[in-house]
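The values are calculated or read from the model by the stated rules, or taken from the named source; none is laboratory data. All values derive from a computational prediction rather than experimental measurement. Cβ: placed from backbone, ideal geometry, glycine included. Neighbour counts: every protein chain shown.
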Amino acid sequence: AWLKNQASAFKDKEGFEHEVVRHVETTLARSLYNCDEVAAYSATALAFRDRLILEWNRTQQRQTFTDSKRVYYLSLEFLMGRALDNAMLNVKQKDLARDGLADLGFRIEDVIQQEHDAALGNGGLGRLAACFLDSLASLNFPAWGYGLRYRYGIFKQEIIDGYQVEVPDYWLDFNPWEFPRHDVTVDIQFYGSVQKKTDEAGKPVFHWDAGETVKAVAYDVPIPGYDTPTTNNLRLWSSKAASGEFDFQKFNSGDYESSVADQQRAETISAVLYPNDNLDRGKELRLKQQYFWVAASLYDIVRRFKKTKRSWKEFPQQVAIQLNDTHPTLAIVELQRILIDLEGLEWNEAWDIVVNTFGYTNHTVLPEALEKWSVPLIQHLLPRHLQIIYDINLYFLQKVEREFPDEHELLREVSIIEESQPKMVRMAYLAIVGSHKVNGVAELHSDLIKTTIFKDFVRIFGPDKFTNVTNGITPRRWLHQANPRLSELIASKTGGHDFLKDLKKLNQLEHYVEDKEFRKEWAEIKYANKVRLAKHIKASTGVTVNPASLFDVQVKRIHEYKRQQMNIFGAIHRYLTLKDLSPEERQKQLPRVSIFGGKAAPGYWMAKQIIHLINSVGSVVNNDKDIGDLLKVVFLEDYNVSKAEIIIPASDLSEHISTAGTEASGTSNMKFVLNGGLIIGTCDGANIEITREIGEPNIFLFGNLAEDVEALRHDHRYGKSNPLDPKLVRVFEEIEKGTFGNPQDFAGMISAVREHGDYYLVSDDFSSYIEAHAEVDKAYRDQEGWITKSITSVAGMGFFSSDRCIHEYAEEIWNVEPLKADQAG
Ligand code: 26Y
């Protein structure tokens, strides 16, 4: 109802056109006669932005006025993608904009595509943060995101001669979605030393004499909710030299170089997103980023709290802070420092406030992804914080010693400080000790952290501190925006677009599984999406693919644990099997397209080798006259959010084939099924819950279980494994013969399996993987059966909305309530 007379609505398409023209002619200072698509995008974005700002301001005033408890989501990554399409859909004015742009001579799809993705993240963790912001706003929660305004987001990937080449992603040229707040700044300190003094009462006080100061400047990004006036704020910090430009003293005294160097050093902090996903490298600049962002955010949060004139003990009733993995764990230490050093609270009183304020979400059990910082590095960069970390650890270990006397091993094992050379601070342990709740992101994952990496902490704090919140995705972007025709079809059967706010309504689709017309349209939409992807494949790789083939997709960061290598070995096996057949037999086979996409961390040699093999196999298979349409292998360059919006709706089958127990949740699995694709996957992460919701007949599961992994790895180490499947042996031999180019280029991938313990259990799962693919072929030949599976699956996906997920966080962890527009009083 609010949409009718909202501040953020255009009255009609003429009103919209008028605003677009005004922005072209005044804001952009161009004439309508040389208005290209870029200018049309800019003006359209500005026109919608003007409307958003009004609701944004009102939302902030409402939240301040009602003095409601706020949620702060601290994440080093926000993988937002494009904003315009989302903004138009959320205020339900995309159709009006389409008509208006048509009048001005533009196709809305072309205009939307001019926008640069906001790619301030690596993969799943960053995209989850973006889905959460969408849900928080759509559900009217008073919530802010806090992150870094990287000048360069995740690199752009180019594929040159089959290899990944990284190109910088400078994305800020024209960004109408951010608002610099030059008046909202915080001075952030680094280095220096700590002085211990005593106050009049004889109590020790600590003074941090910092060695370097850098300015944090706030940039705000409006986050509109769907079908609601609530427009929340994402605040991103940018670093600047504290003296403003460069230091004039130095400049005037002729020391130009060092004054400019100071400025550059300051700006370097927020210059670039670290491109590692699930791999900790322990770089000083990364620690500097973490503290810079955390300190600025906490200063801001505390400043806002102080305006309410409440007493400190009310802080956790007003503020909930969620830590997206351990990257913001220093916030725990920083809040304790503020309370004891700057506000003069007693340790225990302060610590209670801290623990009740924070919640920590773990996203991985991979040892190489668990952050540790060296004690000497922290000592150097943040001397006072190191003292506080030691004190936190001391009180914690004293508690452990009291409750578990005689268990001396336990103290060493749970200590926040690892007694290595050099000593290391275990950030996950610090995050657990400093939070009141710790959650994993899917049932299996939450069970695993309780029984493996954090088992001792379950004994110490009790099981109630640990919980599960299974991940979810926003159906607004991942269905309504990415697949508008499917969204309309669903709306036509479920009583309008309410399912976008209450995804459980999808279960009404069950009544239409047998409906002929509905099934036909369902299949037609998938086909049209495949035609669109086929065009994109042609344009970006030159490869022609037949949209009638089975589209088999694996798009995600390249990582050994995700096992793209097993997928490409499987494709080679398929190729060899086809080659073995007589031409007559061959023509009876089901045509397939194997589609890959994803970035490798620039320093991850094995991941880059995998990309190279995929491309090398592609260039052989795609040009083999015997094979024709029966098999194509393509690697789509530069996988990102806006490419995902094209790829996901076009998939028949997607691959979620991580070694059991390694993928915490996965979220693209949910996106694919929500768009009517089926899954081939292992019993890992959220695949398990997806199976439970959609039914076992609708998913192709294979492979060993998480509980078997340890024993299998042990067998590999001691040479007790079964001999390799002959099919896999043949794949290796073919690579080694040079069929796909210089075998030396791929030797590492093969020896990892054959000689180096096969840590990711490719050889253990290969046979059942191939069998599962045979099942897929069989099922796909029965098109009617496939459509039934597709519809039934979508009907069961209601659980995986990020709205459900946010409700669980709000109830179990944050204790916050929504604030509707009519509650402003
Ligand atoms: C230590 C640092 C370099 C680091 C940087 C990024 C460590 C981890 C990451 C990113 C992790 C990540 O994206 N994890 C994924 O989180 C998703 C959302 O919960 C899960 O669905 C997915 O399984 C998990 O791999």
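Here's the yes/no breakdown for (1) away from the ligand (no atom under 16 Å from the Cβ); (2) modelled with pLDDT of 95 or more:
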| site | (1), (2) |
| --- | --- |
| N252 | yes, no |
| Y274 | no, yes |
| K307 | yes, yes |
| R310 | yes, yes |
| T329 | no, yes |
| I332 | yes, yes |
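So that you can scan it fast, the table gives a plain yes or no per residue for (1) touching a residue at least 60 places away in the same chain (Cβ under 8 Å); (2) in the same structural domain as N122 (by TED's automatic domain parsing); (3) crowded, with 20+ Cβ neighbours inside 10 Å; (4) away from the ligand (no atom under 16 Å from the Cβ):
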| site | (1), (2), (3), (4) |
| --- | --- |
| G211 | no, yes, no, yes |
| D255 | no, yes, no, yes |
| R265 | no, yes, no, yes |
| L285 | no, yes, no, no |
| I301 | yes, yes, yes, yes |
| Q317 | yes, yes, no, yes |
| T326 | yes, yes, yes, no |
(message) Can you confirm whether K643 is more than 18 Å from the chain's Cα centre (by Cα), outside the structural domain of F78 (by TED's automatic domain parsing) and charged (D, E, K, R)?
(response) no
(message) Criterion first (away from the ligand (no atom under 16 Å from the Cβ) and without any contact (Cβ under 8 Å) to a residue 40 or more places away in the chain) does G105 satisfy it?
(response) yes
(request) Kindly indicate whether any position in segment 484-494 is among the hydrophobic types (A, V, I, L, M, F, W, C), within 27 Å of I112 (Cα to Cα) and surrounded by fewer than 18 Cβ atoms within 10 Å (Cβ to Cβ). (result) yes
(message) Show me the helices (runs of 4 or more DSSP H) entirely contained within segment 562-652 in which 1 or more residues are in contact (Cβ under 8 Å) with a residue 12 or more places away in the chain and surrounded by 22 or more Cβ atoms within 10 Å (Cβ to Cβ).
(response) 564-580, 605-621, 641-647
(message) For segment 303-316, check the following and say yes or no: at least one residue is out of contact with any His (no Cβ under 8 Å at 6 or more places or on another chain) and at positive phi.
(response) yes
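Listed here are the residues, each with its yes/no results for (1) touching a residue at least 40 places away in the same chain (Cβ under 8 Å); (2) small (G, A, S).
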| position | (1), (2) |
| --- | --- |
| N742 | no, no |
| S751 | no, yes |
| G757 | yes, yes |
| S767 | yes, yes |
| K789 | yes, no |
(request) Can you give me the number of residues within segment 397-432 that are within 22 Å of L287 (Cβ to Cβ) and hydrophobic (A, V, I, L, M, F, W, C)? (result) 9
(request) Give the residue that is farthest from S665 (Cα to Cα), with candidates limited to residues of segment 779-825 that are surrounded by fewer than 22 Cβ atoms within 10 Å (Cβ to Cβ) and among the acidic types (D, E). (result) D822
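Let me confirm something: among L133, L139, L104, L96, which residue is modelled with pLDDT of 95 or more and crowded, with 24+ Cβ neighbours inside 10 Å?
L133
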(request) Scan segment 533-544 and give yes if some residue there is within 16 Å of the ligand (Cβ to nearest atom), of a type in the set (V, I, T) and in contact with a Phe, Trp or Tyr (Cβ under 8 Å, 6 or more places away or on another chain), otherwise no. (result) no
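Please work out if L339 is within 16 Å of the ligand (Cβ to nearest atom) and either out of contact with any His (no Cβ under 7 Å at 6 or more places or on another chain) or basic (K, R) (or both).
no
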(request) Starting from segment 267-278, keep only residues that are more than 17 Å from A118 (Cα to Cα), then list their pairs with residues that are more than 13 Å from the ligand (Cβ to nearest atom) and outside any helix (DSSP H, G or I) whose Cβ atoms are within a distance under 7 Å, requiring at least 6 positions of separation or different chains. (result) E267/S239; E267/K240; I269/V214; I269/S239
(message) I'm trying to understand the selection: among the residues of segment 438-475, which are in a helix (DSSP H, G or I) and of a type in the set (A, V, I, L, M)?
(response) L444, L448, I449, V458, I460
(message) Residues that are within 16 Å of the ligand (Cβ to nearest atom), at least 2 per element: which strands (runs of 3 or more DSSP E) completely within segment 113-169 meet that?
(response) 118-120, 143-148
(request) Being farther than 21 Å from E178 by Cβ and not in a helix (DSSP H, G or I) is the filter here, so list the residues in segment 10-41 that pass it. (result) F10, K11, D12, R30, S31, C35, D36
(message) Filter segment 178-208 down to the residues that are over 21 Å from V294 (Cβ atoms), surrounded by 10 or more Cβ atoms within 10 Å (Cβ to Cβ) and either aliphatic (A, V, I, L, M) or not assigned by TED's automatic domain parsing to the domain that holds E346 (or both) and list them by number.
(response) V205
(message) Show me the helices (runs of 4 or more DSSP H) found entirely inside segment 758-825 where at least 3 residues are closer than 23 Å to F141 by Cβ and not charged (D, E, K, R).
(response) 802-809
(request) Having 3 or more residues that are in the same structural domain as S768 (by TED's automatic domain parsing) and within 16 Å of the ligand (Cβ to nearest atom) is the bar; report the helices (runs of 4 or more DSSP H) wholly within segment 661-720 that clear it. (result) 668-674, 687-694
(request) Look through segment 432-457, keep the residues that are in contact with a strand residue (DSSP E or B) (Cβ under 6 Å, 6 or more places away or on another chain) and without any contact (Cβ under 8 Å) to a residue 40 or more places away in the chain, and return whichever of them is surrounded by the fewest Cβ atoms within 10 Å (Cβ to Cβ). (result) K450
(request) Take the residues in segment 42-91 that are small (G, A, S) and not in a helix (DSSP H, G or I), then tell me which one is nearest to the ligand (Cβ to nearest atom). (result) S75
(request) Could you identify the single residue in Y809, Y780 that is of a type outside the set (G, A, S) and under 26 Å from the mean Cα position of the chain (by Cα)? (result) Y809
